[in-house]
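The values are calculated or read from the model by the stated rules, or taken from the named source; none is laboratory data. Computed from a predicted structure; not experimentally measured. Here Cβ is always computed from backbone atoms with ideal geometry, including for glycine, and neighbour counts include all displayed protein chains. Just the protein is used for accessible areas: all its heavy atoms, side chains included, with ligands, DNA and RNA removed. Shrake-Rupley method; radii C 1.70, N 1.55, O 1.52, S 1.80 Å.
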Amino acid sequence: VGLFINTLPMRVSWRPEAAVSDWLREIRQQHLALRPYEQTPLRVIQKASEVPGGVGLFNSILVFENYLLDTALRAQGGEWTNRHFEYIGQTNFPLALIVYADREIILRLEYDRKRLDSAGAVRVLGHLRTLLDGICTDAAQPISSVQLLTETEKRQLLAPPRATLQVQTQIKDCLHQRFEQQAARTPDAIAVTCDGESLTYAELNHRANMVAHRLVSLGAGPEVLIGLCVERNLGMVIGILGILKAGAAYLPIDLSYPPERVAFMLEDAGVTVLLSERSLEASLPQHQGLILFLDDVTGGAKEAPGSGVQPENLAYVIYTSGSTGKPKGCQITHANVVRLFDQTDQWYGFQPSDVWTLFHSCAFDFSVWEIWGALLYGGKLVVVPYWVSRSPEAFAELLRREHVTVLNQTPSAFRQLTPFVLASISPAEQALRYVIFGGEALELASLLPWMEQYGDSKPALINMYGITETTVHVTYRPITLKEVRAGSGSLIGEPIPDLAVYILNPQGQPVPLGVAGEMYVGGAGVARGYLRRPELTADRFIKNPFATSGYLYRTGDLARRLPNGDIEYLGRIDHQVKIRGFRIELGEIESVISLYPEIREVVVIAREDKPGDKKL
């Protein structure tokens, strides 16, 4: 903040718990202590400071004019009217607040129109007035309690979601039951294919039923976790369906995980049965429970077993990174997933003619969207072998050969894929209807080469912000060529209809439009919590203070709401990063490296030396 005595830079800090009156006294004392330097040129002050040359000492300025206002200001009926004064001045700062003080205070705001529009300037002045009113009412209150928002603004920002948590109780079917209904409608349609092998809906249903019966005989049922450790092939889909048909929930194991992490997950989840394949027998982790190999499951009843599972029962548990180096299992129910498709159908209208790719690991919840987006609507699911998923050129050829219509990608993977698709698929050959992004922040500028060749309608490009704890996706945002050319930020759009997104300050209060805060998500997609981690669950899943029921999930993500209602994603508030959609706690890696006696200090960062190639 610049203070004109002449101009002096003053660093203003504040403690949320400090009383406003005490803080104002501190500011005044700090101000008075600077008076001996009021004739010192700014260039001299800058040389003495730690701020390097060429960098401004401040970018906003406060001008306090404490002379009497123009004599045209006069009182009538106890109120000041005919406010008329002339200000002649100019500032090069992006924001300048001029305060005129006499019998009343008048605020004048000068701003750079490239950074702030007129509506935003009016909001800033309104917030300042609300703040001053609050201080005058109670100067002894903590700084963190002073409000900026008017009651009208607060009501708008805390408007209840378009649907409530009651949506979850209206779900009547589990995932596998929805699949069975589709299989009855289109038994002969291809359900899943991989490397030349295919299964129809009837065949997939039968194979999954056989697995389900074997699992039931081994103790599977509602709320029982079955480990799933398979290659990326037809067996992955058969195994997931079989586990759900047995009434149980699946715990996906990624073969690329370190053995220690896998062993921890199996023990922490209390897994008693591990579903796998004979080809992986030598590489399976040490496990105290039973191992059932898909290869050994033959014969058995064609009908699904009666498990008694309900939509409120668990469907899967996916482990995510933990800030203390201890992964945590996120519990997702059938109802959480089924309502995701019910609520987004108005935007997509997925069809039996759609061809999806299962590109992601089943331990990454993007796979949930891919699997059920195909199988609940009668579409074809193309399982992408691991080696193809790691070769953008081979994957582009698969998209062309299979006439894929729905593609789901993290932005970094899509950036690597784009040149090969552009080179091999002409606009006339392009079969894609949708490209759906998730898992990472999307830089719109990276989409320009794609949109210049294919436009922004066929395929439509959709940005969907989401997190495991709120069931894959939270928001929906179509991206236009105009926005890409304008270099807009990472726009994530509006919440799915049965979800609500609140952007709050550290005190849990809504922040004004355009101001950064932490995102909290409430509604029918919020997970049950973390498996056997009650303290962590209580910390991250809090009771919704703005509703009579339900919980909010603290995402740890920063965002701001724009005046048009859009939400812009701004990054993390902690040391967590996302690489290819996987959440990584840098502290976990630092703590392991620091165990080596030769290491004295360690810091881990995410770098992107090549666009789209983020590494630690």
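In this calculation the C-beta distance from Asp609 to Arg390 is compared with R0 = 22 Å, giving a FRET efficiency of 0.70. Residues in region 125-132 carry Karplus couplings, in order, of 5, x, 5, 5, 5, 4, 4, 5 Hz; the curve used is 6.51 cos²θ - 1.76 cosθ + 1.60 with θ = phi - 60°, and Gly or Pro positions show x. Which of rounded, prolate or oblate describes region 214-341 when judged by the alpha-carbon gyration tensor and an a/c cut-off of 1.5? Oblate shape, in that a/c is at least 1.5 and b/c is the bigger or equal ratio.
Restricting region 94-141 to trypsin sites (Lys or Arg not before Pro) that sit in a DSSP loop and have at most 16 other Cβ atoms within 10 Å of their own Cβ leaves Arg103, Arg113, Lys114, Arg115. Straight-line reach from Lys615: taking Cα to Cα under 21 Å and skipping same-chain neighbours fewer than 8 places apart, the lysines in range are Lys578. Lysines within cross-link reach of Lys458: Cα-Cα under 21 Å, excluding same-chain residues under 8 positions apart? Within the straight-line limit of under 21 Å, Lys458 reaches these lysines: Lys380, Lys482.
When you filter the GluC sites (Glu not before Pro) in region 185-238 for DSSP loop state and at most 15 other Cβ atoms inside 10 Å of their Cβ, you are left with Glu223. Entry note, the chain: the mean residue ellipticity at 222 nm calculated from DSSP H runs of n ≥ 4, each adding -39500 (n - 2.57), is -9000 deg cm²/dmol after division by the residues and rounding to the nearest 500. How many angstrom separate the Cα center of region 418-435 from the Cα center of region 537-593? Using only Cα atoms, the two centres lie 34 Å from each other.
In region 228-271, a dipole from Cβ-located charges (positive for Lys and Arg, negative for Asp and Glu) runs towards its positive end, and of Leu228, Val262, Ala246 it is Ala246 whose Cα lies farthest in that direction. One chain, two ends: Glu231 and Glu402. Fully extended at 0.36 nm per residue, the span grows by 59.5 nm beyond their Cα-Cα distance.
Volume per residue for the chain equals 203 cubic angstrom (convex hull of Cα atoms). The calculated FRET efficiency for the pair Ile542 and Ala516, based on their C-beta separation and a Förster distance of 22 Å, comes to about 0.65. The distance separating the Cα centre of region 36-64 from that of region 272-295 comes to 67 Å. Charge tally for Asn59 (other residues, Cβ to Cβ under 14 Å; Lys, Arg +1; Asp, Glu -1): +1.
Between Gln170 and Arg532, the simple label model (points 7 Å from Cα in the Cβ direction) yields a spacing of 3.7 nm. Each 5 Å bin from 0 upward holds the following percent of the Cα-Cα pairs of region 320-467: 2, 8, 18, 23, 21, 15, 8, 4, 2, 0, 0.
When the inverse distances between all different Cα atoms of region 3-51 are averaged and flipped, the Kirkwood radius reads 12.1 angstrom. Quick one: Cα centre-to-centre distance for region 96-137 and region 470-520, in angstrom? So the two Cα centres are separated by 26 Å. Per residue, the chain exposes 48 Å² of accessible surface when a 1.4 Å probe is rolled over the protein heavy atoms with every protein chain present. Looking at the chain, the DSSP beta bridges with both ends there are about 65 percent antiparallel. Can you return the aspartates and glutamates within cross-link range of Lys326? Criterion is Cα-Cα under 15 Å, with same-chain partners fewer than 8 residues away left out. Hits, sequence-local ones excluded: Glu260, Glu267, Asp268, Glu535, Glu585, Glu588, Glu590. Ranked by the mean number of other Cβ atoms within 10 Å per residue, highest first, peptides 297-305, 418-426 order as 418-426, 297-305. Put simply, when 530-542, 240-252 are sorted by average Cβ atoms within 10 angstrom per residue, most first, you get 240-252, 530-542. The trypsin sites (Lys or Arg not before Pro) of region 322-408 that DSSP puts in a loop, and whose beta carbon has at most 16 other beta carbons within 10 Å, are Arg390. When the solvent-accessible area of region 342-469 is split by element, carbon and sulfur atoms take up 53 percent of it, the probe being 1.4 Å.
Within the shell defined by Cβ-Cβ distances under 13 Å, the residues around Leu292 carry a net charge of -2, with Lys and Arg each +1 and Asp and Glu each -1. Approximating the spin labels as points 7 Å out from Cα along Cα→Cβ, the Asp566-to-Leu132 distance works out to 3.4 nm.
Modelled spin labels at Trp14 and Gln288, positioned 7 Å past Cα toward Cβ, are 5.5 nm from each other. Averaged over residues, the count of other Cβ atoms within 10 Å places the peptides 476-482, 172-178 in the sequence 172-178, 476-482, highest first.
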